[in-house]
Every structure is written in C-alpha cells, then in structure tokens.
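Structure, as structure tokens:
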Amino acid sequence: MNLKRFRIGVFASGRGSNLQAIIDAIEQGELNCEIAFVLSNNSNSGALEIARSKNIPAIHLSEKKYHKENFELSLIDVLENYKPDLIVLAGYMKLVPSMVIERFRNKIINIHPALLPKYGGKGMFGINVHRAVFESNEKESGVTVHVVNEKYDEGKILYQEKIDITDCNSPEEIAQKVLKVEHRVYPQVIQKIVDGKISLVD
Ligand code: GRF
C-alpha cells in the first residue's frame, strides 16, 4: 500500500525550538507527518540550522532581496514546488503576504504565546507579549493555536490552553513556562489536523 504521508512546511524566523519539538514528536512516533521544508526570512536562524542538521530542505527567503511582488511569487514557487498539506508558522516574524494566504486559505496555522484575542496583533511577539501580560498583573496566560489570515493573530482559534502564572516573577519566567507548553501542544494540534479531528475551515 502506498499511503502518502501528510506534509508540513515550517516557517520560522528565530531559534526554532518549536520546530525542534515538532521534529522530536515525529521521531518519537507521536506525530505522523513529514517536514517538506523549513523556510526562514533570517539566514542566521536556528531553525535553518536545525533543518540542515536533519537533512530537511532549508530555504532562506527574505523580502529584502526582492521587489514585493517577486518576493511573493518566489514564496508561492516554493510552496508549489514542495506542495505542503499544511503550513506551520513557528516563530515566523513576518506577515504572510495576502497572495499566499489566498492561495493557501485555511492551510496555514500559527502558535501564539498568549490567550488570544488578548495580547495579540502587530508588535505582540516574543518577550513583548509576556511583558504586557506581566504588567497587566494577569494570573493566567496560555497558548493559542489559530488559523492564519490576512491580519496578525486573528484567524479561527483551533486550540487554547490556559497556564497559571501566579508563580512567575518576571516576563522571562512567563516566557519559559509558556514555551514549555507550546512544545507539547503544537505537535498534538498538528496531529489532530492530520487525523481530521480539527478543521481549519470556519
Ligand atoms: C514562540 O513563543 C511562538 O509562540 C512565537 O514565537 C516563539 C518562537 O520560538 N510565535 P521558537 O523559535 O520556536 O523557539
């Protein structure tokens, strides 16, 4: 029997710890898919290094080198070439161009380190999110996995998990606690999508 494996493409800009968690889950047999490619806007990202070390195609594509339209077309070229079933944003710091969203509507997901719709939107990334949560004296934060649309952090929420942060004394401590949960949650949600147990369509 020749069953085609579910293929994901991962977009990442930074250290790539969520990518690593996805790879670990695949290697441990907890996530049944293959990573078709890893794409980054940042040539120095840890995510590209991780991909190379695992012989996963590692693609650096930055809009800085292109005119806007050419960049978008190049991105679509990559996607047409590798044909992922799902695009997984794992710390991708750029807005996905609307041309790409249109072509891959309801096929792109993101993980956000807070309980959306609070603490999302432009500028709400990395430690900024956790600082805002900390400064608002929140008792809980969390993890949100959502569909990506044209606006930052606004697509359909697929999964949310709350995290008690009353023991955290700084934004950094919140970040650490939330990241640990991200690493468990993201592969689990992807597996549910693979199994058709979560639908991305509104
Ligand atoms: C994570 O906190 C994720 O929620 C956010 O960006 C961070 C990426 O971290 N979107 P890493 O590169 O996966 O370590």
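The values are calculated or read from the model by the stated rules, or taken from the named source; none is laboratory data. Quick caveat, the model's predicted, so the values are computed rather than measured. Reconstructed Cβ throughout: ideal geometry from the backbone, glycine too, with neighbour counts over all protein chains shown. Protein only, heavy atoms only, side chains kept; ligands, DNA and RNA dropped before computing areas. Shrake-Rupley method; radii C 1.70, N 1.55, O 1.52, S 1.80 Å.
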Whole-percent carbon and sulfur contribution to the accessible surface of the range 47-202 (1.4 Å, no ligands, DNA or RNA) stands at 49 percent
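For the chain, report the convex hull volume of the alpha-carbon atoms normalised per residue, in Å³, without decimals.
Residue-normalised Cα hull volume stands at 124 Å³.
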In deg cm²/dmol and to the nearest 500, what is the mean residue ellipticity at 222 nm of the chain if only DSSP H runs of at least 4 residues count, each as -39500 (n - 2.57), divided by the residue total?
-11500 deg cm²/dmol
From the C-alpha gyration tensor of the range 65-132, pull out the three semi-axes of the equivalent ellipsoid (sqrt of 5λ each), sorted largest to smallest, in whole Å.
26, 14, 10
Computed label-point distance, nm, for sites GLU140 and SER53 using a 7 Å Cα→Cβ extension
3.6 nm
Candidate lysines - alpha carbon under 28 Å from LYS122, same-chain residues fewer than 8 apart omitted:
LYS64, LYS65, LYS68, LYS94, LYS107, LYS139, LYS151, LYS156, LYS162, LYS177, LYS180
Sparse-neighbourhood loop hits (trypsin sites (Lys or Arg not before Pro), the range 93-135; DSSP loop; Cβ within 10 Å at most 12 others) -> LYS122
Within the under-12-Å Cβ sphere about HIS146, not counting HIS146, Lys/Arg +1 and Asp/Glu -1 give a net charge of -1
Counting only protein heavy atoms and rolling a 1.4 Å probe, one gets per residue an accessible area for the range 147-190 in Å² of 53 Å²
Contact order relative to length for the chain, counting C-alpha pairs under 8 Å separated by 6 or more residues, stands in percent at 21 percent
Measuring from the longest principal axis of the C-alpha atoms of the chain, the long axis of helix 17-27 (C-alpha) lies at a number of degrees, nearest 10, equal to 60 degrees
Could you tell me how many degrees, from 0 to 90 and to the nearest 10, lie between the Cα long axis of helix 171-194 and the main elongation axis, the longest principal axis, of the Cα atoms of the chain?
40 degrees
Averaging over every viewing direction, what projected area does the convex hull of the Cα atoms of the range 1-116 cover, in nm²?
8.2 nm²
Karplus-derived 3J(HN,Hα) from phi for the range 142-151 (6.51 cos²θ - 1.76 cosθ + 1.60, θ = phi - 60°), whole Hz, x at Gly and Pro, runs x, 10, 10, 10, 9, 6, 8, 10, 5, 10
